[in-house]
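Heads up: the structure comes next, in structure tokens.
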Amino acid sequence: MVMEEGRPGPSKPAGDRRPQKREKKDKQHDKQQPCEGFSIKAMMKNSVVRGPPPAGSVKERPAKHTAFRKFYERGDFPIAVQHECGGNKIAWKVQIEELDYHYFLPLFFDGLCETEFPYEFFARQGVHDLLEHGGSRILPVVPQLIIPIKNALNLRNRQVLCTTLKVIQHLVVSAEMVGEALVPYYRQILPVLNIFKHMNVNLGDGIEYGQQKRENIGVLIQETLELFERYGGENAYINIKYMIPTYWSCM
């Protein structure tokens, strides 16, 4: 069949005539639009509701300068570093038994929030030295130690958490009746422990090299709760169970 000049060719079928501009508009209209929940946009077509933001319960909080750092830089503490082959120690310039525990012990507990050397070293080692030689003078100071302990735990810093939990364990066994004196303050101490209680390292048949240094937060929290129950008297377990429902008695 020969096409004659001047005549139009065969017309295309009607189904092939699609407006390209409308296709582009339809594609743009079909795109999903993210929006916030419980808003007017959430009820519209092609809208996708965003999920809730993370709560940040285990997010690390920024640390502030403590009173311990201020007093140390001013030279109010009778301490110095003693370098030895086995590690650094604190050289006390006075007898520890002669110190005023109502003044010095809360300040050293306040330094548990520090993460820099030498403040972290002096605060951590100084607390253990004071608790070791305190005896009966520790019990009257317990109410003053709750706020520094709470501030250290609320930082959510893994290093600070491990250090504070070890200090709490030492505090409970440092003198008689200290464990029972801490029972009324469980509501200030235990909420953070409830958040990190299940943060346990499960390596199966692997080797956990941090076990020797006791850096597993879940294990430290479990040990601390068991010490609270053993040394807290009759009402200790009820108060622990109220704040941490997943805890089971060890006695």
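Yes or no, residue by residue, for (1) under 24 Å from residue 196 (Cβ atoms); (2) open to solvent by 10 Å² or more (accessible area, probe 1.4 Å):
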{"residue": "108", "(1), (2)": "yes, no"}
{"residue": "115", "(1), (2)": "yes, yes"}
{"residue": "131", "(1), (2)": "yes, no"}
{"residue": "152", "(1), (2)": "yes, no"}
{"residue": "155", "(1), (2)": "yes, yes"}
{"residue": "171", "(1), (2)": "yes, no"}
{"residue": "175", "(1), (2)": "no, yes"}
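Does segment 70-77 contain at least one residue that is open to solvent by 80 Å² or more (accessible area, probe 1.4 Å) and farther than 30 Å from residue 140 by Cα?
no
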Looking at 194, 151, 202, which is the one that is modelled with pLDDT under 90, within 15 Å of the chain's Cα centre (by Cα) and over 25 Å from residue 80 (Cβ atoms)?
194
Looking at (1) open to solvent by 70 Å² or more (accessible area, probe 1.4 Å); (2) modelled with pLDDT under 85, which is the one condition that is false for residue 184?
(2)
Just a yes or no: is a residue in segment 130-137 under 28 Å from residue 175 (Cα atoms), over 27 Å from the mean Cα position of the chain (by Cα) and part of a loop (DSSP other than H, G, I, E, B)?
no
Here is a check on your reading of the model: is residue 39 farther than 26 Å from residue 148 by Cβ, small (Gly, Ala, Ser) and either assigned to a helix (DSSP H, G or I) or at pLDDT 80 or above (or both)?
yes
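Taking segment 58-69, which residues are in a loop (DSSP other than H, G, I, E, B) and either at pLDDT below 80 or surrounded by 10 or more Cβ atoms within 10 Å (Cβ to Cβ) (or both)?
Residues of segment 58-69 that are in a loop (DSSP other than H, G, I, E, B), as a first pass: 58-66.
Matches in segment 58-69: 58, 60, 61, 63, 65, 66.
For residues in segment 239-251 being assigned to a helix (DSSP H, G or I) and under 23 Å from residue 174 (Cα atoms), which is farthest from the chain's Cα centre (by Cα)?
Going residue by residue through segment 239-251, those that are assigned to a helix (DSSP H, G or I) are 239-243.
Subsequent filtering for residues that are under 23 Å from residue 174 (Cα atoms) retains 239-240.
Numbers: 239: 22, 240: 19 Å.
So, considering only residues that are assigned to a helix (DSSP H, G or I) and under 23 Å from residue 174 (Cα atoms), the one farthest from the chain's Cα centre (by Cα) is 239.
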Restricting segment 169-194 to residues that are assigned to a helix (DSSP H, G or I) and of a type in the set (S, T, N, Q), the one farthest from residue 132 (Cα to Cα) turns out to be 194
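Could you check segment 229-238 and list, in sequence order, the residues that are open to solvent by less than 60 Å² (accessible area, probe 1.4 Å) and in contact (Cβ under 8 Å) with a residue 40 or more places away in the chain?
Going residue by residue through segment 229-238, those that are open to solvent by less than 60 Å² (accessible area, probe 1.4 Å) are 229, 232-233, 236.
Selection gives 232, 233, 236.
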If you go through segment 109-161, how many residues are touching a strand residue (DSSP E or B) at 6+ places or on another chain (Cβ under 7 Å) and over 15 Å from residue 96 (Cβ atoms)?
1
Inside segment 133-150, the number of residues satisfying the requirement of being within 20 Å of residue 60 (Cα to Cα) and either aromatic (Phe, Trp, Tyr) or open to solvent by less than 30 Å² (accessible area, probe 1.4 Å) (or both) is 2
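The values are calculated or read from the model by the stated rules, or taken from the named source; none is laboratory data. Treat the numbers as computed from the prediction; the structure is a model and nothing was measured. Reconstructed Cβ throughout: ideal geometry from the backbone, glycine too, with neighbour counts over all protein chains shown. Ligands, DNA and RNA are stripped out before the accessible areas are found, and what is left, the full protein with its side chains, is counted by its heavy atoms. Shrake-Rupley method; radii C 1.70, N 1.55, O 1.52, S 1.80 Å.
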